[in-house]
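Asker: Dropping a structure here in structure tokens format, bear with me for questions.
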Amino acid sequence: MTRLDKGIDLTGRNSEATSSLIVIGFLIVGFFVGQFIALIALIGQAAVNGADLAEILADPNSLYDNVSLIQALTAQVLYTLFFTFLIPWFYLKVVAGKKLSHLTTENKVDILPLLITILGTFTFMVVNSYFIEWNENFKFPEFMSGFEEWARTTEDQAAALTEKFTTFDNFGAYLFGLLVISILPGIGEELMFRGVLQNSLHRWSKNPHIAIWVSAFIFGAIHMQFFGLVPRMMLGAVFGYLYVWSGNIWYPIIAHAINNGIGVTLAYAAQFSESEVNLDDTDTIPLYGQIIAAVFFVVLMVIFRNQYLRSKSIE
């Protein structure tokens, strides 16, 4: 297996700095156009359902009250396919002159790194609960109170929307939710953020750590939820290191899909149980459990990294 010590060259005929800026431009445009496509799809479905469009325009938050869960998830599919599948493919095809397959050094997934990826994802969810709690309770200085109020409102709206997206009427809806919230973003977001963005920043900065953390920050920020930015950034960094160390984009894809899938599955299971298991809540697991998880995660990542230390690095 080939590590990405220097990143994969996606510059095409551009300089490394120019190609990175083009990627960021593609990312921003793709995000907003993808959101617009999903919004149009939702409004169309709401209209078919007999919703009052004037009421929706007056109160956009009521849009999701006028569509079914399956319709809302279908609109999310359109957003994901456009932003995280079409945009990376288009950039690679038109600008870099390469195929999506060039984002990984090989397609083989070995058993030991796979097991480490799975276990590492589980343990990091426990570790990440502290970053989640810290970020949720972050207090801005007084002069930024207006921004904090906006950020809190946005966070509450996102939480309400997430609850709608993960309240499933039946097992079939749960499976569709897994596809939309776990599998498709797991593949697409890794192609976009690790495959295209991180590699471009890697070639530009000549430093894998800068590339990993900057792309992880953008990954967290693009979700437009400040009080969830830090844990998403930490998660993105884990995905980034799995990618750089192995050269195989399938490991971060698997980790991403598992992370999202656990959340969806716990939300579905909570509908049939009075007790709710929330790995994001530090009260769920005692302190010694958190410490054990942190140590175990570090050990797993060291073992994963050591699998590829003697591997030839990609130029």
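Asker: Does any residue in the stretch 300-315 that is basic (Lys, Arg) come within less than 8 Å, Cβ to Cβ, of a residue that is at pLDDT 60 or above and part of a helix (DSSP H, G or I) six or more places away or on a different chain, and which pairs are these?
Answerer: Arg305/Tyr241; Arg305/Trp245
Asker: Also: Hey, Val127 hits all of (1) more than 30 Å from Leu21 (Cα to Cα); (2) surrounded by fewer than 17 Cβ atoms within 10 Å (Cβ to Cβ) but one; which does it fall short on?
Answerer: Looking at each condition in turn, Val127 falls short on (2).
Asker: Return a yes/no flag: does the stretch 246-269 have any residue that is of a type in the set (A, V, I, L, M), under 25 Å from Ala17 (Cα atoms) and surrounded by 20 or more Cβ atoms within 10 Å (Cβ to Cβ).
Answerer: yes
Asker: Could I ask something else about it? What pairs come up if the first residue lies in the stretch 133-148 and is at negative phi and free of Cβ contacts under 8 Å to residues at least 40 places away in the same chain, the second is surrounded by 13 or more Cβ atoms within 10 Å (Cβ to Cβ) and in a loop (DSSP other than H, G, I, E, B), and their beta carbons are under 6 Å apart, counting only those six or more places apart or on different chains?
Answerer: Close Cβ pairs (under 6 Å, with a partner that is surrounded by 13 or more Cβ atoms within 10 Å (Cβ to Cβ) and in a loop (DSSP other than H, G, I, E, B)) amount to Glu148/Phe140.
Asker: Right, another one. Which condition from (1) in a helix (DSSP H, G or I); (2) in contact (Cβ under 8 Å) with a residue 12 or more places away in the chain is the one that Met224 breaks?
Answerer: Exception for Met224: condition (1).
Asker: Select from the stretch 104-150 the residues that are among the β-branched types (Val, Ile, Thr) and more than 18 Å from Val230 (Cα to Cα) and write down the one among them that is modelled with the lowest pLDDT.
Answerer: Result: Thr105.
Asker: Of everything in the stretch 93-113, what is surrounded by 14 or more Cβ atoms within 10 Å (Cβ to Cβ) and outside any loop (DSSP other than H, G, I, E, B)? Give them in sequence order.
Answerer: Val95, Ala96, Leu100, His102, Leu103, Pro113
Asker: Continuing with the same structure: With Ala51, Ala47 as the choices, which residue is assigned to a helix (DSSP H, G or I), of a type in the set (A, V, I, L, M, F, W, C) and farther than 22 Å from Asn199 by Cα?
Answerer: Only one candidate passes the filter, namely Ala47.
Asker: Name the residue that is farthest from Ala47 (Cα to Cα), counting only residues in the stretch 64-82 that are of a type in the set (A, V, I, L, M) and without any contact (Cβ under 8 Å) to a residue 40 or more places away in the chain.
Answerer: Among those that are of a type in the set (A, V, I, L, M) and without any contact (Cβ under 8 Å) to a residue 40 or more places away in the chain, it is Ala75.
The values are calculated or read from the model by the stated rules, or taken from the named source; none is laboratory data. Since the model is a prediction, treat every value here as computed from it, not as a measurement. So basically every Cβ, Gly included, is an ideal-geometry build from the backbone, and we count neighbours across all protein chains shown.
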